[in-house]
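Right, one structure below, let's go through it.
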Amino acid sequence: MSGATVRATGIVTVVLAGLLASAFVLGRSLVPEQRPTNTGLAGSTAGPHYADQPPSTEFPAAPAPGRPLPDASPDAEPSAPEGGDDGPGPFGVRTATGSARVALTFDDGPDPRWTPQVLALLSQYGVRATFCVVGENVESHPDLVRSIVAEGHTVCNHSWQHDVNLGKRSPEAIRADLLRTNDAILAAAPDAHIAYYRQPGGAWTAPVVSVCAELGLTPLHWNVDPSDWKAPGATTIETTVRTQTGPGAIVLMHDAGGDRSGTVDALQRLLPELLARFELEQMPVDAP
């Protein structure tokens, strides 16, 4: 083969390679991006997924262990610490149990898949906890509320529809929301004693706390938060709770609002260890 032929063949090869590369790039640009799909277990896919609604960034977040939340209002009067190492949260909301006991709290339920699993684990270890329930879920699953109450756990009002902006609404709207949720709880379980309210996202405001006072509800916050609503995995949830929980802690976890398999797995590992270190008790229904 002559040198001229070899050179011509090489040029043709380079040109063809360039055309093929251009066609590949053009083809990729015309194909929609495929987002990764979650192959994990899906919990109650037909129900509300509050995990898609992150905590408000306009309000104080949960305090670090052993440190109180900053006061959210310059006019709010500080109240005495409720117990443990933590002082009161914004507007005096409760961030500790008031004793050396530790309280496990579960938000956003009841959920027909995850709540029974949490209840079964608590029953297995003889632990009572506090369930902060959402009104629309109570209405959909009254049997689970009856189970929660029958097994000796404390029920806490968590608003009707997990509205993190509820505190920005009028006192009348806040009051109607909380009363509607209370009514749903009592319709499901007439023997329930509703002593607490937990604001979605920890988005406390003066009007919310004021309405709580009118209705005889103690505003309930937390001081250990493994952010399990993000579904970070059982190991992360377990490590956070294990290392951050101290005497008087109020631990925030979730039994609804999304895939809670990680929370259930972490709870199964945590309960024996926490019981060896602390006395676990539900928030008392005779709250001040």
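The values are calculated or read from the model by the stated rules, or taken from the named source; none is laboratory data. Because the structure is predicted, anything quoted here is derived from the model rather than measured. Ideal geometry is used to build each Cβ from the backbone, glycine not excepted, and the neighbour counts take in all protein chains shown. Surface areas here come from the heavy atoms of the whole protein model, side chains and all, with no ligands, DNA or RNA. Shrake-Rupley method; radii C 1.70, N 1.55, O 1.52, S 1.80 Å.
Whether a residue is open to solvent by 10 Å² or more (accessible area, probe 1.4 Å), assigned to a loop (DSSP other than H, G, I, E, B) and among the polar types (S, T, N, Q) was assessed, and Gln117 does not pass this test. Among residues of region 232-249 that are within 17 Å of Leu280 (Cβ to Cβ), those with a beta-carbon under 6 Å from a residue that is charged (D, E, K, R) and open to solvent by 60 Å² or more (accessible area, probe 1.4 Å) at least six positions away or on a different chain give the pairs Glu238/Arg269. Quick check on my filter: what residues within region 236-270 are open to solvent by 10 Å² or more (accessible area, probe 1.4 Å), more than 24 Å from Asn137 (Cα to Cα) and part of a helix (DSSP H, G or I)? Scanning region 236-270 gives Thr236, Glu238, Thr239, Thr240, Arg242, Thr243, Gln244, Gln268, Arg269.
Counting the residues of region 271-283 that are crowded, with 21+ Cβ neighbours inside 10 Å and either in a helix (DSSP H, G or I) or without any contact (Cβ under 8 Å) to a residue 24 or more places away in the chain (or both) gives 1. Remark: pairs (first residue in region 87-107, closer than 28 Å to Leu121 by Cβ; second residue surrounded by fewer than 21 Cβ atoms within 10 Å (Cβ to Cβ) and hydroxyl-bearing (Ser, Thr, Tyr); Cβ separation under 8 Å; 6+ apart in sequence or on different chains) = Arg94/Thr218.
Taking the criterion of being without any contact (Cβ under 8 Å) to a residue 40 or more places away in the chain, of a type in the set (S, T, N, Q) and out of contact with any Asp or Glu (no Cβ under 6 Å at 6 or more places or on another chain), would at least one residue in region 207-215 satisfy it?
So the first thing to find is which residues in region 207-215 are without any contact (Cβ under 8 Å) to a residue 40 or more places away in the chain, and the list is 210, 212-214.
Retained after the next criterion (residues that are of a type in the set (S, T, N, Q)): 210.
Retained after the next criterion (residues that are out of contact with any Asp or Glu (no Cβ under 6 Å at 6 or more places or on another chain)): 210.
Yes, that holds for at least one residue.
Scanning region 98-114 for residues that are surrounded by fewer than 24 Cβ atoms within 10 Å (Cβ to Cβ) and either over 18 Å from Gln268 (Cα atoms) or modelled with pLDDT under 95 (or both) gives Gly98, Ser99, Ala100, Arg101, Pro112.
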